[in-house]
Structure formats: C-alpha cells, structure tokens
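Q: My questions all concern the structure below.
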Amino acid sequence: MKKIQQYPFFIILIILLTQSQCIRSQVAIGTTQLNAGAIFQVESDDKGVLIPRIALTSNTDTTTIQNPAEGLTVYNTSTVNSQSNSVTPGLYYWNGIQWSRVLSRGFSRQFLQTNQNFVNTLADIPINGLNQNIEVPFSGIYRIIVTSHFGVATVSNPNVADDNVAIASMRIEVDDEVIGEKLITTYSKFVDDTATGGAGSINFFALSRQVVITKDIELIAGQTYNFNVIGRLWDWTNVAPAIGAFGYFGLNTTLYSRNPNLTDDASRTELTINLVRQY
C-alpha cells in the first residue's frame, strides 16, 4: 500500500519540476504559439499590457523608485517643467543616468522669406517674413536651422579690377538674444571677351553664396518665443548698384539669365524649427 500511495507524490513532483523549468525559460499568456525568441509573450484581441504608472518628479528622480535598474520602464503621469530636468506624461526608461523618454511626439515648422531684401546700407536688414512668434507644444531640445543666400551687385570699375567683393552676415535671434551668426563673402565678375572674338562684355553679378546656421536650444512647452532672422552688410568695394541695390538677400532667381522661369525663390532664406528631443 505504501508504494502505491507514493506514485501520486512522484507524479506531482515531476509536473512541478517541469513547470518550474518552463517558467524559468519562457512565459506565454493568451497563446500556445510561443515565439522562439521571446522570453515573455502576450496575445490578446481586445486587451493591452498595463505597465506601472509612476509620477516622476524629474528626469533624475531616484526617490520615487530607489536604485532603478538600467532599462527599467514606467509610464510617467506627471508634468514637471524644470528646464533640462522636465518630464511630461509618457513612457520613460532608466538609462543608467536619468529617465529618458521613449518617443518624442514630433514638431516641425518652416518659414520661407516672402520677398527679396535689397541692401543699400551698412545696417541690420530684417529678412522679409522671418520675424515669427511661435508657441511650442512640448518642452525639449529644438534644432533651429537658417539657410540663406547673399549676392552683390555689378562691378563698378573694370579698369581697376574685373571683380568686386562684399562681406555680410546672417544671424538668428530668439527673444532678442543672438543664438547664431555666420559671415558671408561674395563677389561679382566682369568678363570682356571681345579681344578673343567673343560677343562682348558681360557683368556677372549676384553670384550668391550660401550660409547655413544650425543651433540646438532648449524651449519650454506653452511659452511663446520670437524668432527673428536678420542680415547685415558689413563692407564692399568696387560695387555699382544694380536693380536698385548694392547687395541682396534672397534675390529673385528669375532675374538670372537663362532661368527657365520655373521658380523665383531658389535663393530665399529659410527658417526651420524641429523638435529633436522631447523631455
């Protein structure tokens, strides 16, 4: 009788050991078709996985969850605007140093110079259409990109030199503070080929140079910021005005010889604002 009574015990023990081994290897919920590469798999047609909801106090919070393990993931429920330590509702994981947002929601705005700017003075030239007030929807790091072109008018005295030169700059201000500025040098060229049997003299002017300014800055959700793109002519030599100006920011490109009239804004200044990292 004792041997007969021992069989259920051994059977139960074998089952427990087998199940224990399965638990240690892979776990499946809602399916019997377990993916070979998954340690944990959940299947459902009408339900989701709810991970812990935590109210973080900042992206360096190690009090709410003490000694967080690297890779630990939570859903943050709080909104804390604290400069670079800000957090907003969403998925975060601990990267070993701070809580990092799993996914940024994305934000992008682009503005194009509305008309060419003629330059006739050594002074600031606000670029047409690029003084913009923008309320940003998310706190984080935004990338500000300005792409601009500057050209100079015709050669004044080809007997002195067959080219000229002009120096200008382009800058971007946020709330009247300069965050980036770059120098632009450009020239025009006088060509006389009559001595070699050519058609005659040609004054190639406004051979525009491009400049690109890229800056990453921190902006806070709900605040309105003023973005202002400003050009400035510093100096020139051997320049005669043409089309009413000594220099040009964003000259109409239909003025160039042999332009097929497909576009008039190929040299316009552009201002782009992109969210690259949401807090």
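The values are calculated or read from the model by the stated rules, or taken from the named source; none is laboratory data. In this text, all values refer to a predicted model and were calculated from it rather than measured experimentally. Cβ: placed from backbone, ideal geometry, glycine included. Neighbour counts: every protein chain shown.
Q: Out of all the residues in segment 26-68, which are without any contact (Cβ under 8 Å) to a residue 12 or more places away in the chain and not in a loop (DSSP other than H, G, I, E, B)?
A: None - no residue of segment 26-68 is without any contact (Cβ under 8 Å) to a residue 12 or more places away in the chain and not in a loop (DSSP other than H, G, I, E, B), so the list stays empty.
Q: Which of the residues that make up segment 194-226 are among the aromatic types (Phe, Trp, Tyr) and either touching a Pro at 6+ places or on another chain (Cβ under 6 Å) or modelled with pLDDT of 90 or more (or both)? Let's see the steps before the verdict.
A: Within segment 194-226, the subset among the aromatic types (Phe, Trp, Tyr) is 204-205, 225.
Listed by number, the list holds a single entry, 225.
Q: Any residue that is assigned to a loop (DSSP other than H, G, I, E, B) and either over 14 Å from the mean Cα position of the chain (by Cα) or modelled with pLDDT under 95 (or both) - is there at least one of those in segment 124-135?
A: Here is the first cut: in segment 124-135, the ones assigned to a loop (DSSP other than H, G, I, E, B) are none.
No, the conditions are met nowhere in segment 124-135.
Q: Now, a different point. If I ask for residues that are surrounded by 16 or more Cβ atoms within 10 Å (Cβ to Cβ), over 22 Å from residue 131 (Cβ atoms) and modelled with pLDDT of 85 or more, which ones from segment 243-276 would you list?
A: Within segment 243-276, just 246 meets the criteria.
Q: What's the number of the condition residue 142 fails, among (1) assigned to a strand (DSSP E or B); (2) within 30 Å of residue 239 (Cβ to Cβ)?
A: Result: residue 142 fails condition (2) only.
Q: Follow-up question, since we're still on this one. Pairs needed: first member in segment 114-138, closer than 29 Å to residue 237 by Cα and surrounded by 14 or more Cβ atoms within 10 Å (Cβ to Cβ); second member anywhere, at pLDDT below 95 and hydroxyl-bearing (Ser, Thr, Tyr); C-beta distance under 9 Å; at least 6 residues apart or different chains.
A: Close Cβ pairs (under 9 Å, with a partner that is at pLDDT below 95 and hydroxyl-bearing (Ser, Thr, Tyr)) amount to 116/248; 116/267; 117/248; 118/248; 119/248.
Q: Oh, and also: Can you tell me how many residues within segment 73-95 are assigned to a helix (DSSP H, G or I) and modelled with pLDDT of 95 or more?
A: As a first pass, look at segment 73-95 and keep what is assigned to a helix (DSSP H, G or I): 83-85.
Still in the running and modelled with pLDDT of 95 or more: none.
The qualifying residues number 0.
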